[in-house]
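So the structure is just underneath, and the comments pick up after that.
The values are calculated or read from the model by the stated rules, or taken from the named source; none is laboratory data. What you see is a predicted model; the values in this text were computed from it and never measured. FYI the Cβ positions are ideal-geometry reconstructions off the backbone, even for glycines, and counts take in every protein chain you see. The protein model used for the area step is the full one, side chains on, heavy atoms only, and it has no ligands, DNA or RNA in it. Shrake-Rupley method; radii C 1.70, N 1.55, O 1.52, S 1.80 Å.
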Amino acid sequence: KWAQGITPRNFTWIIKDQIAVCERPGGYAHNHRKVRRQEEIIWIREQGFAYVYSLIPSEHNLHNYDEYHVPWRHRPYGVHEDHTEMLRTLYPEFKALVSSGEKILIHQEELNDRVCGLMAGYLLWDGLVQTGPEAISITEHLTSRQLGPLGREQVSVALALRDRKR
């Protein structure tokens with residue numbers, strides 16, 4: 001069983017078998033455990049994710065993905081990042097991978113408003129849902145988290161970006 005690893009905490013499919021989210025493998029802050037991190041990265045590898053997207057501002061533990069042969073991309077998305085620029089970069093990357101049949105996993109330290117808002121915005125930007133309230137409701141249901149002001153702001157930015165690309 002250890003060879004198959006364990007599912008990361010708060011793992012949730014946003015789009016089944018395409019885009020998932022979770023908290024940082026191993027946990028965050030004082031809850032972080034090396035053994036748990038190893039087991040969760042093994043699980044991620046065994047599930048066949050094309051990339052793990054780490055949105056954590058620092059480069060902590062990215063080398064662990066290399067140790068277990070898990071491809072990753074680091075896209076720091078901290079509190080001072082410009083939402084428009086970040087979403088303008090990330091959404092086309094996500095779309096290209098998903099369109100080619102790849103699975104991606106996205107995380108920050110915890111499954112928070114930044115990650116959930118990013119995903120709600122993606123659903124809207126990609127045309128999978130038509131309205132912001134619908135994207136918010138679906139994401140809240142999937143993640144069992146209420147979207148706060150930051151997440152809702154990302155949905156507004158995603159709507160503007162979608163309207164510009166049409």
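For Phe11, the residues whose amide H sits under 5 Å from its own are Glu23, ignoring neighbours fewer than 5 places away on the same chain, with H placed 1.01 Å from N.
Contact order normalised by length for the stretch 39-141, with contacts defined as Cα pairs under 8 Å and 6 or more residues apart; what percent is it?
Values: 104 pairs, mean separation 27.5, N = 103.
Relative contact order for the stretch 39-141 comes out at 27 percent.
Charges were assigned to the Cβ only: +1 to each Lys and Arg, -1 to each Asp and Glu. The resulting dipole of the stretch 35-166 about its Cα centre is roughly 420 debye.
How high is the FRET efficiency between His74 and Glu134 when r is their beta carbon distance and R₀ equals 35 Å, given to the nearest 0.05? Write out the running numbers ahead of the final one.
On the way: r = 31 Å, r/R0 = 0.89.
Computed FRET efficiency for His74 and Glu134: 0.65.
Surface analysis of the chain yields an accessible area of 49 Å² per residue, using protein heavy atoms and a 1.4 Å probe. Taking volume of the Cα convex hull per residue in Å³ straight from the coordinates, which label in [x] 144; [y] 118; [z] 109 is the correct one? Computing volume of the Cα convex hull per residue in Å³ and matching it to [x] 144; [y] 118; [z] 109 gives [z]. For the stretch 31-106, the square roots of the Cα gyration tensor eigenvalues, ordered a ≥ b ≥ c, give a/c of at least 1.5 with a/b no greater than b/c, which places it in the oblate category.
Calculate what fraction, in whole %, of the accessible area of the stretch 45-113 sits on carbon and sulfur atoms when a 1.4 Å probe is rolled over the protein chains.
Values: 1590 of 3340 Å².
That fraction is 48 percent.
Classify the stretch 109-159 from the C-alpha gyration tensor, please: rounded if a/c falls under 1.5, else prolate or oblate depending on whether a/b exceeds b/c. In terms of gyration-tensor shape, prolate. Against the criterion of solvent-accessible heavy-atom surface with a 1.4 angstrom probe, Lys16, Lys165 sort, most first, into Lys16, Lys165. Using protein chains only and a probe of 1.4 angstrom, how many square angstrom of Glu67 are accessible, to the nearest 10? Result for Glu67: roughly 110 Å² accessible.
Do the sum for the chain: with -39,500 (n - 2.57) for every DSSP H run of n ≥ 4, divided by all residues, what is the mean residue ellipticity at 222 nm, to the nearest 500 deg cm²/dmol? Walk me through the intermediate numbers first.
Details: 6 runs with 78 residues, N = 166.
Computed ellipticity for the chain at 222 nm equals -15000 deg cm²/dmol.
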